[in-house]
Amino acid sequence: MDIVLLGVSATLLIATAIQGGWVLYPLLLTLGLFFGLYWWRGLTPTSLLHMMKAGVLKALGVMSILLLIGTLMAAWIVAGTVPALVYYGLMLIQPKLFVLSAFGLTALVSILIGTSFGAVGTIGLALMIMAR
């Protein structure tokens, strides 16, 4: 039964994304379906709510990192850092060594700021523009 509900959930999410709709509705429907399934299997609504709360609390750390990365990217774009990276990067990086240079720069930024997501989110945008 779990596989069927996961399939329904994936189908709804994909269909909503293709149509350009708001994904909150299929996510809430999925939450309701799984809540009902596990309530039917014998778990109490209180225990299910406690499990959901524990899951949300674990995810808050990752969500805060992604929010900070988004804020940093917006600040870099407004300040002109990304266009400067693209300008100087095009002058310094040879096309034959672009992939190797992109790897090295991303690794260096990842070490400096302490997160691979942050490195890809920050320098990755400039590298994608340069690659184009």
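The values are calculated or read from the model by the stated rules, or taken from the named source; none is laboratory data. This one's a predicted model, so the numbers in the text were calculated from it and none came from an experiment. Positions of Cβ are backbone-derived with ideal geometry, glycine not excepted, and every protein chain shown enters the neighbour counts. Calculation scope for accessible area: heavy atoms of the full protein, side chains included, ligands and nucleic acids excluded. Shrake-Rupley method; radii C 1.70, N 1.55, O 1.52, S 1.80 Å.
Listing for the model above:
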quantity	calculated
Checklist (1) at pLDDT 90 or above; (2) surrounded by 13 or more Cβ atoms within 10 Å (Cβ to Cβ) applied to VAL86, failing item	(1)
Subset of the range 89-116 that is open to solvent by less than 100 Å² (accessible area, probe 1.4 Å) and not in a helix (DSSP H, G or I) - its residue that is farthest from ILE65 (Cα to Cα)	ILE93
Test: GLY70 is modelled with pLDDT under 90 and open to solvent by less than 60 Å² (accessible area, probe 1.4 Å)	yes
Long-range neighbours under 7 Å by Cβ, at least six apart or interchain, first residue touching a residue at least 12 places away in the same chain (Cβ under 8 Å) within the range 7-21, second of a type outside the set (Ser, Thr, Tyr) and open to solvent by less than 40 Å² (accessible area, probe 1.4 Å)	SER9/PRO26; LEU12/PRO26; LEU13/PRO26
Yes/no for GLY124 being part of a helix (DSSP H, G or I), modelled with pLDDT under 85, surrounded by 13 or more Cβ atoms within 10 Å (Cβ to Cβ) and within 23 Å of the chain's Cα centre (by Cα)	yes
Any hit, the range 60-82, residues being closer than 22 Å to LEU6 by Cβ and among the small types (Gly, Ala, Ser)	no
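Every residue, every condition in (1) of a type in the set (D, E, K, R); (2) surrounded by 11 or more Cβ atoms within 10 Å (Cβ to Cβ); (3) at pLDDT below 90, yes or no:
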{"position": "MET1", "(1), (2), (3)": "no, no, yes"}
{"position": "LEU12", "(1), (2), (3)": "no, yes, no"}
{"position": "GLY42", "(1), (2), (3)": "no, no, no"}
{"position": "VAL62", "(1), (2), (3)": "no, no, yes"}
